[in-house]
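Here's the structure we're looking at; comments come further down.
The values are calculated or read from the model by the stated rules, or taken from the named source; none is laboratory data. Computed from a predicted model, the values in this text were never measured in an experiment. Neighbour counts are summed over all protein chains in view; Cβ atoms, including those assigned to glycine, are modelled from backbone coordinates with ideal geometry.
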Amino acid sequence: MNLKKLAISSAVLLTAAASSLSVNAADTVRIATEGAWAPFNYIDDNGKPQGFDVDIAWALCEKMEADCKVVTQDWDGLIPGLKVRKFDAIIASMSITEERLRQVDFTNKYYSGGLRYLAPKGKEFDLEKLDGKVIGAQRATLAAQYLEDNLADTATLKFYDTQDSVYLDLVAGRLDIVLSDELPTYDWLKTSGNGDAFEFKGNSFKKEDEIGIAVRKGDDLKEKFNKALDEIIADGTYQKINAKYFPFSIY
Amino acid sequence: MLDLHGFGDQLLQGAGITIQLALCSLVVGLILGLLGASAKLSHIKPLQWIANFYTTIIRGVPELLTVLIIYFGATTVLMAIAGVFGYEEYIEIGPFAAGVTALGLTFGAYATEVFRGALQAIPKGQHEAAIALGMHPRRKFFRIILPQVWRVALPGIGNLFLVLLKDTALVSVVGLEDIMRKANVAVSNTKEPFLFYLVAAFMYLALTIVSMVVVHYLEKRASRGLTRG
Amino acid sequence: MELDFSVVIEYFPRLLTGTWMTIKLVLLSIVLGAIVALPIALARISKNWFISGVPFAFIFFFRGTPLLVQIFLVYYGASQFEAVRESFLWPMLREPFWCAIIAFTLNTSAYTAEIFRGAIQAIPEGEVEACKVMGMTKMQMYHRILLPRAFGIVLPAYGNEIILMLKASALASTITLLDLTGMARTIIARTYTPIEIFLAAGAIYLVISIFVIYIFRLIEKRQNRYLGTLSIKVPDKG
């Protein structure tokens, strides 16, 4: 056994490991998104994050003249990650809720959401009475919270790590009905090739749902984002990005 | 050729990350294992306690939880420690560093037992002979003890490496772009879970086979002093 | 950032519900895994390549790939196909619980089969010969000598396998099951206190595995009591 060689190669590997444990340059704004919530944020086949949220993020950075980095993080790790300073802001279609406001600060809204049920065509539901149904939603979302608060005792609730897994299980037939945000589901019905087999059920609700950018409590980034947000809405950048994804205004 | 919808390159990149993660964790784990074994065999009680505490905790908690706890918790702990020394800047622990730490700790805990067995397997006479030859303890350790420990421990360490290789998939949960996460991205883009998870499975299988060949070669090399008539 | 462990107390009952799910998963997979493992081990010992080839490939695949991939293959992969969704297996494959059980059982049976094989092959040839000299039938030989002996040899490794299974069961959380880890993640989705809740879950896993180790020490002592009071002395170092 050539111990010297082993020692040298170990040292090289350790340096590689140590260099990944970097001290972050203070002036970079690290923006986290999820990367599994098409068309708002998703990973393309080059491994890069894309979508409405990501476009908005870059547009805001340009106005703020900030050096930005967009990173991805699983949904249920976003707020915990923000709190332990893994990144500085979350632009991931996150609804402004009272519970989240206890943990983080939000900017003004950058679009409005709303929840709506989704199920196979031809099946009728009494949406006021979903007793005994298997209902799916993504973990730690507004939809999941609504289901937990209102239907936990009467229906079987299943929560997933990503919205994509929710769709997979709906198509596979493990779920009777799904509750999720209306806009991404609208896109899914249009683009995934499942549009002829599935449809919205009932009207959207929770229309007061506003989507904002989350930052750490007390961080002055909030004001900078708000200013930049006003600017891109005023100069038409926002409308251009909006039109790329939806034929109607989602503000 | 398989039609991977353009995700072949991504998966190969993921394999690169998986290999880097496995090798870095191996180095950290081997060092921790040797330290742990030495501590368990030392005469100093507190060292024994620390080593026992370490191996019991790590071996009793799921690797997935270890990865999650280190990913979310280590920054807080490190910054608290750095704060004591007056260092206030933010210290980043990305998925890769968290993975190396978690998997290195896990590997080290199991390697501690393997190395302990190997250290105990070296006859007392060898120590005595080395001392009689006037060797410095450090020289004795590197020239006489370590090469033999290496030979005895290799099969055990090889097995642990195969376990480690598969555990790397867990780090995808905190966002490392390894084989597993690349497969997940491909699935969400193409809606073909069976194809991509199967491809991922065979990539891990290929890495396992390569590792087995390397371990076999190392074992042969390490024992060449014994087989030569 | 300050830690607030009051959330652990508040959500402890829910963590216990998750613990119960974890225990069910582990017990069921371990028992089913052992049942599947025995024929695989026996076939694997066979010198006939046609008989030993299939178990070899089975063991190689399940030991050479991550359990996480195996779970996803069973849960998301299988359900991709119409044929599976319309087959008689669907009522079972529909449930994440049974998907987890299937993946865990196959996985643990590959490891357990190797443990069984090792144990059967570890019994010295002389004992088999001794049985024959005593005029035992094959049944008697297995019943009285070989299986009890193999059981004793298997115990430590098998105890380890149960703990590995306990830890691996945390992966059930990735397919919507509310086991201990899944419950912890669901609680964190509400409270945003990952460190506190994950540490609490880790402590519960630790308690269970220490309990398993303790039980196996007891059984081992009982099983190997024929070795008498003669204790194996490990010489002190130095």
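When B:V152 is tested against (1) under 30 Å from B:L170 (Cβ atoms); (2) of a type in the set (A, V, I, L, M); (3) within 11 Å of another protein chain (Cβ to nearest Cβ); (4) surrounded by 15 or more Cβ atoms within 10 Å (Cβ to Cβ), only condition (3) is not met. If we scan the stretch B:71-90, do we find a residue that is under 30 Å from B:P155 (Cα atoms) and surrounded by 15 or more Cβ atoms within 10 Å (Cβ to Cβ)? No: zero hits. The numbered conditions (1) touching a strand residue (DSSP E or B) at 6+ places or on another chain (Cβ under 6 Å); (2) in a loop (DSSP other than H, G, I, E, B); (3) not basic (K, R) are all true for A:M94 except (2). In the stretch A:100-122, of all residues being of a type in the set (K, R) and touching a residue at least 40 places away in the same chain (Cβ under 8 Å), the one that is surrounded by the most Cβ atoms within 10 Å (Cβ to Cβ) corresponds to A:R116.
Remark: pairs (first residue in the stretch B:68-82, within 8 Å of another protein chain (Cβ to nearest Cβ) and farther than 14 Å from B:A102 by Cβ; second residue of a type outside the set (F, W, Y) and in a helix (DSSP H, G or I); Cβ separation under 8 Å; 6+ apart in sequence or on different chains) = B:T76/C:I195.
The single condition among (1) over 29 Å from A:F198 (Cα atoms); (2) in contact with a Ser or Thr (Cβ under 8 Å, 6 or more places away or on another chain); (3) assigned to a helix (DSSP H, G or I) that A:A143 does not meet is (1).
So which residues in the stretch B:187-229 are assigned to a loop (DSSP other than H, G, I, E, B) and in contact (Cβ under 8 Å) with a residue 24 or more places away in the chain, if there are any at all?
B:E192, B:S223
Scanning the stretch B:173-182 for residues that are in a helix (DSSP H, G or I) and more than 8 Å from chain C (Cβ to nearest Cβ) yields a total of 4.
Looking only at residues in the stretch C:171-182 that are within 11 Å of chain A (Cβ to nearest Cβ) and outside any loop (DSSP other than H, G, I, E, B), the one that is nearest to C:L68 (Cα to Cα) is C:T174.
Filter the stretch B:187-225 down to the residues that are touching a Pro at 6+ places or on another chain (Cβ under 9 Å) and closer than 30 Å to A:V166 by Cα and list them by number.
B:V187, B:A200, B:A201, B:Y204
Table: residues versus (1) in the same structural domain as A:L127 (by TED's automatic domain parsing); (2) under 26 Å from A:K133 (Cβ atoms); (3) not small (G, A, S).
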| residue | (1), (2), (3) |
| --- | --- |
| A:S165 | yes, yes, no |
| A:A172 | yes, yes, no |
| A:V178 | yes, yes, yes |
| A:Y186 | yes, yes, yes |
| A:K190 | yes, yes, yes |
| A:A197 | yes, yes, no |
| A:F200 | yes, yes, yes |
| A:K224 | no, no, yes |
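Regarding the stretch A:123-137, can at least one residue be identified that is within 14 Å of chain C (Cβ to nearest Cβ), in contact with a helix residue (DSSP H, G or I) (Cβ under 8 Å, 6 or more places away or on another chain), surrounded by 17 or more Cβ atoms within 10 Å (Cβ to Cβ) and not in a strand (DSSP E or B)? No, the conditions are met nowhere in the stretch A:123-137. Within the stretch A:225-248, the set of residues being surrounded by 11 or more Cβ atoms within 10 Å (Cβ to Cβ) and either among the aliphatic types (A, V, I, L, M) or touching a strand residue (DSSP E or B) at 6+ places or on another chain (Cβ under 9 Å) (or both) comprises A:F225, A:N226, A:A228, A:L229, A:D230, A:I232, A:I233, A:Y238, A:I241, A:N242, A:A243. For the residues B:P147, B:P95, the requirement of being at pLDDT below 90, under 26 Å from the mean Cα position of the chain (by Cα) and either of a type in the set (G, A, S) or crowded, with 24+ Cβ neighbours inside 10 Å (or both) singles out B:P95. On inspection, A:V84 passes the criterion of being within 14 Å of chain C (Cβ to nearest Cβ), β-branched (V, I, T) and without any contact (Cβ under 8 Å) to a residue 40 or more places away in the chain.
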